[in-house]
Each structure stands twice: as C-alpha cells, then as structure tokens.
Amino acid sequence: MKNQLFLFEIKTALRIAALAAVVSGHNAIAQTYSTPPTWSPMTMLNISFDTNSDRLSIVSEASRLGPGVYPALVFNTKANGSADTTNTTPAHFDPSKPWSVLNGTVFSRRLGWYDPASSSATNVLSQVQAVYGSGASVWISSLSKSDGLQSYLAVGRFGVNSLGTTNADGTPVIDASAGGYSGIFGTAGSSTNWQWDGQMDHNVYAVALTNLVSSNQLLSATYKIYIGDSSGNEVAAATGASTTTTWTWQVPAAALVTATITTTWHEPMTAPCDSVFVGSFTYDPATHAVSNLKGVLSESMMGSIGYDPTTGPNGTDNMSWLSLNHPLANGDSAHTYTWHDSTLGGTFATVFLNDNSCTFATNFNGHTGDGWSPASGINAGLRYYGYPTSASNPQNAYALIFVPDDLSRTNTISLTWNEVADTGSLGLAYTAYADYTTGGMMGSVGMTGTSAHTYGSTGSMDGAPLSQVITVVTPPSLLVGLSNGLLQLTWPANYTGAWRLQAQTNTVAAGLGTNWVNVPNSSGTNQISLPVDPANQAVFFLLVHP
C-alpha cells in the first residue's frame, strides 16, 4: 500500500476536473465534500436604538457596500469555508450534515445583523428593555422576499456551534441544541418572525439553482425590525419604534454550461437502426453561444441492432460510428456553421468529420450551393462534393443540432418531431445530418436526414428528425476510502447508470496513459469495492459519461 497512487478524474466527452491522492497504511482518504460556508467575507449591518426617540434603526446595505453593489450568492466555498466567488461548480456538501440543505443552491452568509455594543452595558437589548420592560425583545420579520429565496439559522463561524470548534479531521463540531441550518423567515415551514439574540448573526441565504433565470439576477428580502414580547407580538407601546430594511443579493454572471446531447433521425428503411448523434458541447446562457461541439454519428446502414442510450455507442448496437470532432469557425454567409435564431428561440450548431465543410456538390444541373447546408444538398440532388468524379469525394459527414434558449445549469430538455403529423419542435425540424463516407454512400448519394416541413424533402432514405435530448452535466464527486483492506469508491446516487467507472494500472514511471478499461458492474451502481494489490505501483480511476 505504501506510496500507491490513485487518480480520480471526472470526465464527460472532455476533461472537467481531476483529483490525486496518496494512500499510505490503512488510513482512509478524506472525503471530497465541500466545506460548509463561513461568514467570510462579512459585512455587518449595525442595529441601534436611539434613546432620545426610542426608535430602532439599521445601517443600510448600500452604505456598507456602495450603491448598486450586492453580495454574491456563490456556487461553492474555498477549503477554509470562505465564499469562492470564482468557482461555478455547484458545491457538494456531505448529505449527512445539517448544511446539506445547501446542495443544489447558490448561497451567502456575508450580510449579518450586528450590535457593535453587544458586549457593553449599552447594548441594544438592554436599552430596549430599559424602556419597554424586561420582557421586551428585538424581533425581525420577513415582510417579502424573492421567489425561491431560503433562509437558515447559522450559529458561529461554521453555522453549527457558537464557538466555531472543529473535530480532529477539521470538520465542524455540530451542536444540535444550537439549531444550525433550521429554517427561519418562513423557510421549511418556520415562522416569518425571528427573535434576534443581540449578537453578530450571519445567517445563510440561498436560492435553488432551478430558480436562477438570468445572469446577474438580483434577489431581495424586506425585513421589519421591531420590539416584541416573548412570543413575537409587537409591543403596543412600541409600534412607532420599528424600522424596515431591504437586503439584496446578486447571482454571479452566468457560468458556461456543459451538456450532453443525443439527436435521433428516424430511418424507416434501415429499422431498427436510426441515425443518432451522441455528443457534448459548451453553452453560454448569456450569449447563447455553443462551442466545443463534438461527438459520434451512427451509420444506420452498417448494422442491424439499434442504439441503446443506456449502454452508449457500440454498447449493445452493432452500427459503425463516425467521430465528428470539427466544429468549424464561421466564415462568410455561405459558411456560417453556428447561429442564433431568435424566432425559433435557440442556437444551431454544426460539427463535421473533416476539418472543412465540403460535403455536397456545389454545381449540379445549374444549381450552385455552399457545399454543406441541408438546402444546398437537396438542390444538388444530394450528390457528393466533387461529383461526378468519385475520387473527388472528400468523405465528409456532419450533424446540425439545435440548442433552445432556455437551457440552464439545471435542466434537461427533450424535443420531439413527428414527420407524419407535421407537429413538434420547429427547432428540431431544422436539424439535419449527412454521411458521405463509404458507410453512408449509395452510388453518388449519401445518407441524409431532413424534414420535409422545413427543407421540402426528407432524407435520402426518408430519414427525418425524431427526437433530441440535452442534459446538463454537473460532474459528480468521486469519493474514496479504505475499509477492511478494500478500496471503496462512491459517487452520488442520482448518477447511477449515467456514469461508469474505468481504471488503468501502470508503473509509477509510466504514469497516466490511455489504456482505460471499464470496471465490471460499475455502470449500474454508484459504489464499488475493490481489493488493493500492493504489487500495483499506480492505479488510476476515471468516471466517464456517456
């Protein structure tokens, strides 16, 4: 076991993140959970009591941060728990801990209620009770808040104990009596009124990722600070002593989205095999730009068993697959391969087999064209580029996909098109593919898929758009530990079936190579235990999708 190296890498079609750790003896490797948020950096909004007017007041957020400047709701924390304003990978908090309520949210503890005289005899609570009686307290009531805004009690530095103490492994000590991460201000069925203890309280404010609708989105809450009795009822004599304040938070600028895509064109003449593009891309919600589109395209004439999305390309199907790895840069109007259509509400993007777009004949029976677009191909009688000289055919292929504008960090979008009924997603109806390689050629014509609704004709074998599924990929955490001499690897349960574990074993001198193999029985689970062989110098593990 000594100096045995394990590399854990999370990957879709492209590399996303990697974690390396050294295992020695029988000590378990620390779990790679995000650290619960601390109050750092902090902005304290002072509450005070004017003994001349017997009124409460609070410092405004703008006076502390400046007009139009708002604390960020962040996706993740740094190792010490402070807010990480640059990391847009959603946090993965230990699901067994109170702060796990923040999984799937953006959050902030920056703003806090504070009495700068809390340790002196002139603290706010003492002043209030001197005027309104020993039973009086300061209460804060949530009058209104943005949809989806959640509030949780946080006690002390890590939110779960007043002293900020930690265990030997660095995790916070949880004081159950403190009530950390219980709902307040109406969250989780709590009262909208909260009794302030007069101390520095940086509670947690969060909003689910599913509630994020735009870049730099603002969320706010308006609070009433008033004097109440032990039950939170406003003291009649103090109705004029209350004040209100509005707190505002800002969601970070929209982060790039990584997504997988499966687009299917139904092929009635090669059933049960359809033409299927399986790939991935990067999407910018702010600009609707699609980049890094890559994937594989099936050749339906080259097989007899159709594609099964649960096993991936060449899993149970026996079709040939072409690697489309060239998303070309836009050129002139005849060579625009990605564009946004505001009417259809989405972005079209194309990826090619070759590093050029030459696919269809550019001059056929008096029809000239751009050599690649679906309409140009139909006008060219679907003849290959360079026709009639077969040796001039560059053997190209491509897929043209559609990405709806409402794709966000959190959703899956499924589109369908019914060619017979002429109904469904018009964006999908404009998608197309072409295969002009040897496996797709039928004399001078290649395999194509288009809709008659949008292009006036179906494909060369009547292929037409059928469905498209886009799934946003949030890379799962691969967690590792040792138990009874077995290496235990786990990842989130909701990734079961979608991700599979691969491994490779090399010498330390050789390091990481390309000899990945699937770990048996890993695609249908989210955890696996493996024996440790001391003879293996370097063992690497990889999570892949699809």
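The values are calculated or read from the model by the stated rules, or taken from the named source; none is laboratory data. Keep in mind that what you see is a predicted model, and the values were worked out from it rather than measured. Heads up, the Cβs are rebuilt from the backbone with ideal geometry, glycines too, and the neighbour counts pull from every protein chain shown.
Tabulated values for the structure
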| item | result |
| --- | --- |
| Qualifying residue in region 247-257 (condition: part of a strand (DSSP E or B), closer than 30 Å to G312 by Cβ, touching a residue at least 12 places away in the same chain (Cβ under 8 Å) and of a type outside the set (D, E)) | yes |
| In region 138-158, residue nearest to A206 (Cα to Cα) [restricted to those that are among the small types (G, A, S) and in contact with a Leu (Cβ under 8 Å, 6 or more places away or on another chain)] | G148 |
| Region 84-106 - residue that is touching a Phe, Trp or Tyr at 6+ places or on another chain (Cβ under 8 Å) and hydroxyl-bearing (S, T, Y) and, of those, farthest from P492 (Cα to Cα) | T88 |
| Identity of the residue in region 54-81, assigned to a loop (DSSP other than H, G, I, E, B), without any contact (Cβ under 8 Å) to a residue 60 or more places away in the chain and farther than 26 Å from T166 by Cα, that ends up nearest to the chain's Cα centre (by Cα) | V69 |
| Residue within region 369-392 that is under 20 Å from I470 (Cα atoms) and either outside the structural domain of D274 (by TED's automatic domain parsing) or modelled with pLDDT of 95 or more (or both) present | no |
| Tally, over region 438-454, of residues that are surrounded by fewer than 21 Cβ atoms within 10 Å (Cβ to Cβ) and either of a type in the set (V, I, T) or closer than 20 Å to R383 by Cβ (or both) | 9 |
| Hits in region 147-169 - residues which are loosely packed, with under 15 Cβ neighbours inside 10 Å and either in contact (Cβ under 8 Å) with a residue 12 or more places away in the chain or touching a His at 6+ places or on another chain (Cβ under 6 Å) (or both) | D147, S162, D169 |
| One residue from A83, A62 being surrounded by fewer than 20 Cβ atoms within 10 Å (Cβ to Cβ) and outside the structural domain of L487 (by TED's automatic domain parsing) | A62 |
| Any chance S408 is within 18 Å of G345 (Cβ to Cβ) and at pLDDT below 95 | yes |
| In region 93-138, residue nearest to the chain's Cα centre (by Cα) [restricted to those that are within 24 Å of N411 (Cβ to Cβ), surrounded by fewer than 21 Cβ atoms within 10 Å (Cβ to Cβ) and not aliphatic (A, V, I, L, M)] | G104 |
| Those residues of region 499-528 which are in contact (Cβ under 8 Å) with a residue 24 or more places away in the chain and hydroxyl-bearing (S, T, Y), in sequence order | T505, T507, S523, T525 |
| Whichever residue in region 280-310 is farther than 24 Å from T338 by Cβ and surrounded by fewer than 14 Cβ atoms within 10 Å (Cβ to Cβ) and, among such residues, is nearest to the chain's Cα centre (by Cα) | T310 |
| Residues (touching a Leu at 6+ places or on another chain (Cβ under 8 Å) and either within 24 Å of P309 (Cβ to Cβ) or surrounded by fewer than 17 Cβ atoms within 10 Å (Cβ to Cβ) (or both)) located in region 504-522 | N506, V508, L512, W516, N518, V519, S522 |
| Strands (runs of 3 or more DSSP E) enclosed by region 347-441 - at least 3 residues per element that are among the aliphatic types (A, V, I, L, M) | 397-404 |
| Qualifying residue in region 219-230 (condition: assigned by TED's automatic domain parsing to the domain that holds V59, of a type in the set (G, A, S), part of a loop (DSSP other than H, G, I, E, B) and crowded, with 18+ Cβ neighbours inside 10 Å) | no |
